[in-house]
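Peer 1: Structure provided below as structure tokens; questions to follow.
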Amino acid sequence: MLSGRFAFGPTQVPLNRLHAFALRLDREEDLRVIEDTTHHRLSVYVVTDPQQIDIVARLGPDPLSPEFTLARFRHTLGRRSRTLKRLLTDQSAVAGIGNCFSDEILFEARLSPFALSTAIKPEETIRLYAATKKVLQDAILHLRALDRLPERKDRTFLRVHDRLDQPCPVCATSVKRVSFQESTLYYCPTCQTGGRELADLRFSKSLK
Ligand SMILES: [Zn+2]
């Protein structure tokens, strides 16, 4: 759930407690899901059409598909008021963006994670839309160049996520974080929140 990843490996390597799932392939190889945190949450479906799976049928557009248009994104933002962080990680609004890349997208767009979706300016909407595509495209280019399935250590291109107290690559301000019960977001106070540091919300339920 938080750091799960796929890996190919020989079938004869025994499974251990980090393996949440293994799919045995014909060529003496497994496709395995490795999850090395305590937050294990995984579902497996066997269907003839992915649309038969409820959560797949409810997914929003893939941000790199033609369906993800500026007009549609604008409509999604305006549908109800919530923080940009929450909207970007809502799979029914936009598919496939998690905690890490939502941090990177908001940094690229120079917007606060707590800015409200219904209150941002038209030019900020355009910046957020463009940043969503750019950050994902750049990450794909970087990870494809590895020529193997990526691991956590390969995410060296991240600019704010998981970089607490390291200098922002744009303005050199120390990167800050806000912790919640199950996750942590990262941001640059100078580039994103007008120099204001955001309160630690570890003991509040979640961001609205
Ligand atoms: Zn900065």
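Peer 1: Show R82, R196, R41 ordered by accessible area, largest first, where the area counts protein heavy atoms only and the probe is 1.4 Å.
Peer 2: R41, R196, R82
Peer 1: Quick one: order E108, E123 from most to least accessible surface, probe 1.4 Å.
Peer 2: Listed by decreasing accessible area, they come as E123, E108.
Peer 1: Could you work out how far apart the two model spin labels at D54 and E124 are, taking each label as a point 7 Å from the Cα in the direction of the beta carbon, and quote it in nm?
Peer 2: My value for the distance between the label points is 3.5 nm.
Peer 1: While we're here: Can you tell me the length gained on complete extension of the stretch R144 to S65, counting 0.36 nm per residue apart and subtracting the Cα distance?
Peer 2: Stretched out fully, the R144 to S65 stretch lengthens by 26.6 nm.
Peer 1: Chymotrypsin sites (Phe, Trp or Tyr not before Pro) within region 114-177: which are DSSP loop residues with at most 14 other Cβ atoms inside 10 Å? Please list the in-between numbers first.
Peer 2: Numbers: sites: F114, Y129, F157; in loops: F114, F157.
Answer by residue number: F157.
Peer 1: Once you keep just the Cα pairs under 8 angstrom separated by 6 or more residues, what percentage relative contact order results for region 1-77?
Peer 2: With pairs under 8 Å counted, the relative contact order is 26 percent.
Peer 1: Averaging sequence separations of C-alpha pairs under 8 Å and six or more residues apart, then dividing by the length of the chain, give the relative contact order as a whole percent.
Peer 2: Values: 296 pairs, mean separation 30.6, N = 208.
Normalised by residue count, the contact order of the chain is 15 percent.
Peer 1: If you rank H161, H19 by how much accessible surface each has, with a 1.4 Å probe, what is the order from largest down?
Peer 2: H19, H161
Peer 1: Considering only protein heavy atoms, what is the solvent-accessible area of E124 at a probe of 1.4 Å, reported in Å² to the nearest 10?
Peer 2: 40
Peer 1: Right, another one. Per residue of the chain, what 222 nm ellipticity follows from adding -39500 (n - 2.57) for every DSSP H run with n ≥ 4, rounded to the nearest 500?
Peer 2: Here the helix-only value at 222 nm equals -7500 deg cm²/dmol.
Peer 1: Here's something else I'd like to know. Using a 1.4 angstrom probe on heavy atoms only, work out the carbon and sulfur share of the accessible area of the chain in %. Write down the numbers at each step before the final one.
Peer 2: Working: 6710 of 12620 Å².
C and S atoms contribute 53 percent here.
Peer 1: Then there's this: How much accessible area per residue does the chain have, in Å², with a 1.4 Å probe?
Peer 2: 61
Peer 1: Same structure again: Using the beta-carbon distance between R74 and K133 and R0 = 25 Å, what value does 1/(1 + (r/R0)^6) give for FRET efficiency, to the nearest 0.05?
Peer 2: 0.95
Peer 1: Quick one: if you stick a label point 7 Å off each Cα along the C-beta vector at T156 and A7, how many nm between them?
Peer 2: If labels sit at T156 and A7, their model points lie 2.0 nm apart.
Peer 1: K134: which aspartates and glutamates have alpha carbons under 20 Å from its alpha carbon, excluding same-chain residues fewer than 8 sequence positions away?
Peer 2: The qualifying aspartates and glutamates are D62, E67, D90, D103, E104, E108, E123, E124, D154, D162.
The values are calculated or read from the model by the stated rules, or taken from the named source; none is laboratory data. Every value quoted in this text rests on a predicted model; they were computed, and no experiment measured them. Because the Cβ atoms are built from the backbone with ideal geometry, glycine has one as well, and the counts that use them run over all protein chains shown. Accessible surface areas use protein heavy atoms only, side chains included; no ligands, DNA or RNA. Shrake-Rupley method; radii C 1.70, N 1.55, O 1.52, S 1.80 Å.
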